[in-house]
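One structure below.
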Amino acid sequence: MSSRPVVILSDRLVDLIAAGEVVERPASVVKELVENSLDASASRITVNIQAGGTRLVQVADNGVGLSEQNALLAIERHATSKLTRAEDLEDILTMGFRGEALPSIAAVGRFVMETWDGSSPSGTRVVIWNGKLSKVEPCARPRGTTVSLSHIFRNIPARRKFLRSRGTETAWCMRVVEESALSRPEVHFEVHVDRGSPTTFPPASDLRDRIAALWGAADVRGLFPLESELDGIRVSGFISAPNQTYGRRSRHHVLVNGRPVRDPGLNRAISSAISSVYPSGRFPALVLSFHFPAGELDVNVHPSKREVRVRNLPVVSTLLKRAIKDLHNITSPVRRDYTPQPPAPGGLASEGNRLFGASCVSGEATASLPMEGEGRVIGQFLGTYILVEAGDDLRLIDQHAAHERIMFNRLLSLRGEEGGPSQNLIIPALVDLSASEIANLLEKKDILRSFGFEFEDFGGTQVRVTAVPARISERIVYDLLKSLAADFGKGPDLPEEVALLISSRACRMSVAAGRNLSPMEMRRLVQDLEDAEAGFACPHGRPTSVSLTRTDLERLFKRR
Ligand code: ADP
Ligand code: MG
């Protein structure tokens, strides 16, 4: 077999290969362009995302702009104004430094840059099609720069195929803007998505105000400030209480020396630091800003600078643990105002329970009641188990698991039934959400409607809910929608998966709101479980009840 000749790659191929690293999806373009605008000292940045960024990603700023000569240089590979000496890599103060973003972006679609730095009578417009310079001409514009990318990946079908739905891509773009907005509260951000009204983050005087613009003022009241220092490493920021957690890292923002990062190592250090206080498998809302001295950190390990290398991760963990311990001392009196969550199955760590003094013992509902069918409800144990006398057996029903099974079946069976599944809210609920969470929710709108949810984007950081599935208590609508929006993130996509999420969240919340069931409620629950298809297990596969037979008891008491 003859070997193929070794050749030096053409510039075009080199660009495409590098572009593959830098531009993974439209959100990567948003990230690089916004970082360039921040590096250009912009005080105002406008982002425009059309069709999930597939039709257009545009970032406009009022920064320092570029001369024609520099504009042409900037689109060359490894052209940067931010780094001249190797030593500079040790202590990087700008967001960019690799000089790769613009040529990489220009390689994957139709790229237009308009810019003016005020040094000449007119600005410059540069057009590049798939990496090839097609036009340079003067243009009139205020000082600053606007970069637009359309037709992304038209020439790279392999990459185009990996794009998710428009809604998902939009949510990722929004997430990037939110991260940048958190990293620079003083900068005005405005985001236009398709034809909707824009989301704005007005200049904020501090991080807390910026978080309020993102998540709504109500949620910021549930955050605790945190600050600590160890061995020259500093952390400051905000974290939610252990009863306000999420199933994903959807409200998890980590900044390192001012740069938003998503770093597995740091995330592990954070998880280990909070593990004794927060329920396992759940994530608090947090915005943490770390400052590492030069030499403790390498930011040049990832093409899009998403990950960083921290020299001493255990110190980070210790530092955080200490910060959270302080937080506990400061805030434990405040926390009494919170409604404690019931212990999640295998969830809330025992220390978390103690923190909130959540008593699990119910003093009520011990009356025995006649019950149709199989048995008689004789009481409730630990506010968690319903006791049923069923012939010669004693049945213990896990009310949480039972609830979940019943609601899950009901959501699926009522699907699409005319007028069946919905109940209108007397007063529509306004739910405060971040823009990316709203995008998550809107993406699942059809599935949610088939289950009986009616809601609409109410502009800004709110969604207006007018109807919910029948039998979901109005009390939990607000928290439920919030938790769903946060957990939707990348999935789930199938109706069953969505139903599972709704039923487990809704049940956890409604059981939290009233763990002491009235005799009536217990009877109804037992009856519904009796009637439910696959009622022996909750939708996660845990048993809903266990039985002790007369023989079991006699053995235990050594009567046999
Ligand atoms: P890097 O940011 O790593 O330097 P880029 O390819 O992103 O590389 O940008 C190349 C250069 O183009 C930057 O160093 C900067 O001088 C210039 N530039 C890019 N975007 C802007 C902007 N929005 N405003 C002013 N200058 C910009
Ligand atoms: Mg850059």
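The values are calculated or read from the model by the stated rules, or taken from the named source; none is laboratory data. It should be emphasised that the depicted structure is a prediction, and the values quoted were computed from it without experimental measurement. A quick note on method: Cβ atoms are made from the backbone with ideal geometry, for glycine too, and the neighbour counts reach across all protein chains shown. Heavy atoms of the whole protein, side chains included, go into the accessibility calculation; ligands, DNA and RNA do not. Shrake-Rupley method; radii C 1.70, N 1.55, O 1.52, S 1.80 Å.
With a 1.4 Å probe and all protein chains left in place, how much of the accessible area of the stretch 435-516 comes from carbon and sulfur atoms, in whole percent? Present the calculation step by step, with values, prior to reporting the outcome.
Details: 1400 of 2860 Å².
Carbon-and-sulfur percentage of accessible area, whole number: 49.
Just need the relative contact order of the stretch 383-498 here, percent rounded to a whole number, with Cα pairs under 8 Å and 6+ apart.
Details: 145 pairs, mean separation 29.4, N = 116.
That works out to 25 percent.
List, in order, the whole-Hz ³J(HN,Hα) value for each residue of the stretch 249-263 obtained from phi through the Karplus relation with A = 6.51, B = -1.76, C = 1.60 and θ = phi - 60°; use x for Gly and Pro.
Karplus values, whole Hz, x for Gly and Pro: 7, 6, 10, 10, 10, 10, 10, 10, 6, x, 9, x, 10, 10, 10.
Order 179-187, 217-225 from most to least packed using the mean count of other Cβ atoms within 10 Å. Don't skip to the end; give the middle numbers.
Working: 179-187: 20.8, 217-225: 16.1.
Ranking, from highest mean packing down: 179-187, 217-225.
In Å², what does the accessible area per residue of the stretch 144-197 work out to with a 1.4 Å probe?
So the stretch 144-197 comes to 43 Å² accessible per residue, rounded to a whole number.
Simple spin-label model, 7 Å along Cα-to-Cβ: GLU456 to GLU521 in nm?
3.4 nm
Only Cα pairs under 8 Å and at least 6 apart count here; give the relative contact order of the stretch 108-244 as a rounded whole percent. Don't jump to the answer; show the numbers that get you there.
Details: 194 pairs, mean separation 18.9, N = 137.
Once normalised by length, the contact order is 14 percent.
Over the stretch 451-517, give the accessible area per residue in Å² for a 1.4 Å probe, as an integer.
Details: 2320 Å² over 67 residues.
Per-residue value: 35 Å².
Assuming a ≥ b ≥ c are the square roots of the Cα gyration tensor eigenvalues, decide whether the stretch 200-295 counts as rounded (a/c under 1.5), prolate (otherwise, with a/b larger than b/c) or oblate.
Working: a/c = 1.71, a/b = 1.08, b/c = 1.59.
Oblate, because a/c is 1.5 or more while a/b does not exceed b/c.
Can you give me the solvent accessible area of TRP129 with a 1.4 Å probe, rounded to the nearest 10 Å²?
Ignoring ligands and nucleic acids, TRP129 comes out at about 100 Å².
If you place +1 on the Cβ of every Lys and Arg and -1 on the Cβ of every Asp and Glu, how big does the dipole about the Cα centre of the stretch 432-513 come out, in debye to the nearest 20?
Numbers: 10 positive and 13 negative charges, 53 e Å.
Result for the stretch 432-513 is approximately 260 debye, rounded to the nearest 20.
Between ASN267 and ASP552, what is the FRET efficiency for a Förster distance of 56 Å, r being their Cβ-Cβ separation, to the nearest 0.05? Please report the intermediate quantities before stating the final value.
Numbers: r = 46 Å, r/R0 = 0.83.
Step by step, r from the Cβ atoms, then E = 0.75.
Spelling out what I want: for every residue of the stretch 131-143, take phi, set θ = phi - 60°, compute 6.51 cos²θ - 1.76 cosθ + 1.60 (Karplus), and round to whole Hz; glycine and proline get x.
Per-residue couplings from phi come out as x, 9, 4, 10, 7, 10, 8, x, 8, 9, 6, x, 4 Hz.
Hey, with R₀ at 60 Å, roughly what FRET efficiency would ASP11 and ILE427 work out to, going by the Cβ-Cβ distance, to 0.05? Could the numbers behind the result be given before it?
Working: r = 62 Å, r/R0 = 1.04.
Efficiency computed from Cβ-Cβ geometry: 0.45.
Out of residues 5 or more away from SER422 or on other chains, whose amide H comes under 5 Å of its own, with H placed 1.01 Å from N in the peptide plane?
Residues meeting the amide H criterion: ALA470.
What's the extension gain from SER122 to HIS78 if we count 0.36 nm per residue and subtract their Cα-Cα distance?
Numbers: separation 44, 0.36 × 44 = 15.84 nm, distance 2.65 nm.
Once the chain is fully extended between SER122 and HIS78, it gains 13.2 nm.
When you count, for each residue, the other Cβ atoms within 10 Å and take the mean per peptide, how do 399-405, 552-558, 434-440 rank with the highest first?
Values: 399-405: 24.7, 552-558: 10.4, 434-440: 26.4.
Descending packing order for the listed peptides: 434-440, 399-405, 552-558.
Can you work out ³J(HN,Hα) from phi for every residue in the stretch 438-455, in order, using Karplus 6.51 cos²θ - 1.76 cosθ + 1.60 and θ = phi - 60°, giving whole Hz and x for Gly and Pro?
Each residue's phi maps through the Karplus curve to give 4, 4, 4, 5, 5, 5, 9, 4, 5, 4, 5, 5, 5, 8, x, 8, 10, 7 Hz.
Work out the charge dipole of the stretch 113-157 with +1 on the Cβ of Lys and Arg and -1 on the Cβ of Asp and Glu about the Cα centre, then indicate which of ASN130, VAL147, PRO157 is farthest towards its positive end.
PRO157
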